[in-house]
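As structure tokens, the structure follows; a few thoughts come after it.
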Amino acid sequence: MTDNAKTTAKPATQATLQAVRGMNDILPDDAPLWLHLEDTARRVFEQYGYRFLRVPIVEPTPLFVRGIGEATDVVEKEMYTFEDKLSGESLTLRPEATAGIVRATIQHNLTYERPQRVWTHGPMFRHERPQKGRYRQFHQLNVEALGFAGPDVDAEQIVLLARLWKALGLENSVSLKINSIGDPADRRAYREALTVYFSQNVEALDDDSKRRLSTNPLRILDSKNPAMQTIIEGAPRMLEQLGTDARAHFDGLRKWLDSAGLVYEIDTRLVRGLDYYNRSVFEWVTDRLGAQGTVAGGGRYDGLCESLGGKPTPACGFAAGMERLVLLLREGLEKSGESATPAPLAYLVHQGDAAAALSWGLAETLRDAGYGIVLHAGGGSMKSQMKKADASGARFALILAEDEVRDRTVTVKWLRETGQEQQTVPIDGLIAWLTAVTV
Ligand code: ATP
Ligand code: MG
């Protein structure tokens with residue numbers, strides 16, 4: 001205890017500190033699923049030539065306002081924006097990754113020589129109402145291809161996700177929806193058609209949608225309000241009004257998906273929640289997470305780079321919500337009864353000073369050989385140490401007490417397999433013994 005602590009009594013009323021609402025701890029028992037997801041994603045993304053990049057969590061606010069669009073839920077009400085105390089600059093915790101990645105691409109001239117395939121993962125921040133599958137700090141996997149104009153790359157990213165689902169054992173939990181929202185000129189005409197339609201039915205709109213009617217009528221299609229679904233169902237469809245180029249792109253995408261044998265639904269209502277998209281949009285959805293059914297969403301954003309001050313760069317990307325994927329993975333595990341917690345190979349139990357010293361060196365030697373060894377810390381009786389060994393999930397307890405130190409041996413106790421006798425193994429032969437039993 002420091003002097004300071006000695007003199008400062010804790011006030012009786014001091015509340016226990018809690019994490020910010022909607023921002024979760026990922027505790028060690030949950031972590032294996034997260035690591036499994038990250039490792040699997042990395043392996044699959046690298047198979048397709050996507051290279052890792054990491055951009056800051058905080059960016060200048062105008063990046064998101066210009067990138068995502070002023071009249072979107074994210075920019076209107078979900079961003080964590082604050083003023084930098086020293087510079088007075090307006091900064092924002094990133095609500096998504098694409099804008100930052102495009103900013104980095106422009107800043108470092110990444111697409112100057114050749115197109116780029118990149119990916120990243122990490123926390124995003126949105127001030128939403130927390131519920132299952134929807135949080136204020138959440139995590140995404142992001143994949144972006146910059147400098148590619150053809151629908152082959154859109155299809156590549158969709159097929160890559162299909163491979164990821166398979167690698168995660170989720171292929172029967174998700175399904176694919178695609179749509180095209182056309183090019184800007186197509187969308188201008190469509191916007192007018194929507195404005196006419198929704199104005200004729202204005203009494204059926206909720207307050208949000210009434211506001212959107214003048215600012216961004218396309219967003220009305222994205223409404224999650226169940227009461228709005230009938231009116232949305234009757235709205236004109238973008239897909240029927242595509243221009244020649246967007247139509248050819250969409251047909252191309254379908255051709256690639258068909259040739260890959262992917263099953264998909266064309267969902268003419270699919271518009272996505274961010275303004276930068278054009279042409280292809282897609283979502284992978286599940287019916288296992290209630291209203292939070294979208295596990296990955298993406299599409300083409302050919303105009304974003306130029307609108308953020310770069311040269312025109314056709315691009316395509318997606319984001320997958322990691323919390324939702326972990327929920328699906330956990331559900332799968334609960335069904336199969338498997339545990340995902342990795343355990344050390346052995347737990348090293350020791351009694352007495354000489355055994356403690358010997359154990360320390362032995363643990364390091366075993367780790368040099370590549371084995372996972374937990375060395376008991378904190379003293380205690382042999383019985384209590386053995387309890388901890390068992391709880392660690394280790395396959396063996398390695399025991400060093402007075403007798404073992406004298407004989408330069410280790411007593412090996414099998415903790416998982418039944419019917420295995422306790423054994424005495426010479427310290428010098430321990431690695432060979434472990435190698436023999438772990439092949
Ligand atoms: P939703 O329609 O569920 O609000 P969105 O269209 O806002 O999603 P995107 O901005 O496209 O989502 O983000 C891509 C993915 O990130 C979503 O499909 C989802 O899996 C995940 N995601 C988005 N917002 C959250 C959140 N608040 N909490 C957890 N995951 C989220
Ligand atoms: Mg949202």
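Just a few scattered comments:
- T81 part of a strand (DSSP E or B), open to solvent by 50 Å² or more (accessible area, probe 1.4 Å) and under 15 Å from I57 (Cα atoms): yes
- Entry remark, segment 140-157: residues being within 16 Å of P312 (Cα to Cα) and open to solvent by 10 Å² or more (accessible area, probe 1.4 Å) number 4 in total.
- Test set (1) surrounded by 15 or more Cβ atoms within 10 Å (Cβ to Cβ); (2) farther than 20 Å from Y301 by Cα - G67 fails condition number: (2)
- For segment 184-215, the set of residues classified as within 27 Å of G290 (Cα to Cα) and of a type in the set (S, T, N, Q) consists of S209 only.
- Selected residue (criterion: farthest from ligand 1 (Cβ to nearest atom)) from residues of segment 62-78 that are part of a loop (DSSP other than H, G, I, E, B) and of a type outside the set (G, A, S): E70
- Taking segment 240-276 as the range and being within 16 Å of ligand 2 (Cβ to nearest atom) and of a type in the set (D, E, K, R) as the test, the residues that pass are R269, R272, D275.
- Exactly one residue out of Q116, Q47 is among the polar types (S, T, N, Q), open to solvent by 40 Å² or more (accessible area, probe 1.4 Å) and closer than 20 Å to F318 by Cα, and it is Q47.
- Residue match in segment 205-213 (condition: assigned to a loop (DSSP other than H, G, I, E, B), free of Cβ contacts under 8 Å to residues at least 60 places away in the same chain and over 30 Å from D152 (Cα atoms)): yes
- Scanning segment 321-359 for residues that are part of a helix (DSSP H, G or I) and hydroxyl-bearing (S, T, Y), we see that the one that is surrounded by the fewest Cβ atoms within 10 Å (Cβ to Cβ) is S336.
- Meets criteria (surrounded by fewer than 20 Cβ atoms within 10 Å (Cβ to Cβ), assigned to a helix (DSSP H, G or I) and among the aromatic types (F, W, Y)) for Y190: no
- Hits in segment 158-172 - residues which are open to solvent by 20 Å² or more (accessible area, probe 1.4 Å), touching a residue at least 60 places away in the same chain (Cβ under 8 Å) and assigned to a loop (DSSP other than H, G, I, E, B): G169
- The test for being assigned by TED's automatic domain parsing to the domain that holds G273 and charged (D, E, K, R) holds for D251.
- Residue in segment 277-297 that is farthest from ligand 2 (Cβ to nearest atom), counting only those that are open to solvent by 20 Å² or more (accessible area, probe 1.4 Å) and under 21 Å from I181 (Cα atoms): R279
- Candidates in segment 114-158 are the residues that are under 16 Å from G298 (Cβ atoms) and acidic (D, E); of these, the one that is nearest to the chain's Cα centre (by Cα) is E144.
- Pairs are defined by a Cβ separation below 6 Å, a sequence spacing of at least 6 or placement on different chains, a first member in segment 67-83 that is within 15 Å of ligand 2 (Cβ to nearest atom), and a second member that is among the β-branched types (V, I, T) and part of a strand (DSSP E or B); the pairs so defined are M79/T92.
- Tally, over segment 409-425, of residues that are out of contact with any Asp or Glu (no Cβ under 7 Å at 6 or more places or on another chain), modelled with pLDDT of 95 or more and either exposed (fewer than 13 other Cβ atoms within 10 Å of the Cβ) or aliphatic (A, V, I, L, M) (or both): 3
The values are calculated or read from the model by the stated rules, or taken from the named source; none is laboratory data. This structure is a prediction, so every number in the text was calculated from the model and none was measured. Here the Cβ is made from the backbone with ideal geometry for all residues, glycine too, and neighbour counts use every protein chain on show. Accessible surface areas use protein heavy atoms only, side chains included; no ligands, DNA or RNA. Shrake-Rupley method; radii C 1.70, N 1.55, O 1.52, S 1.80 Å.
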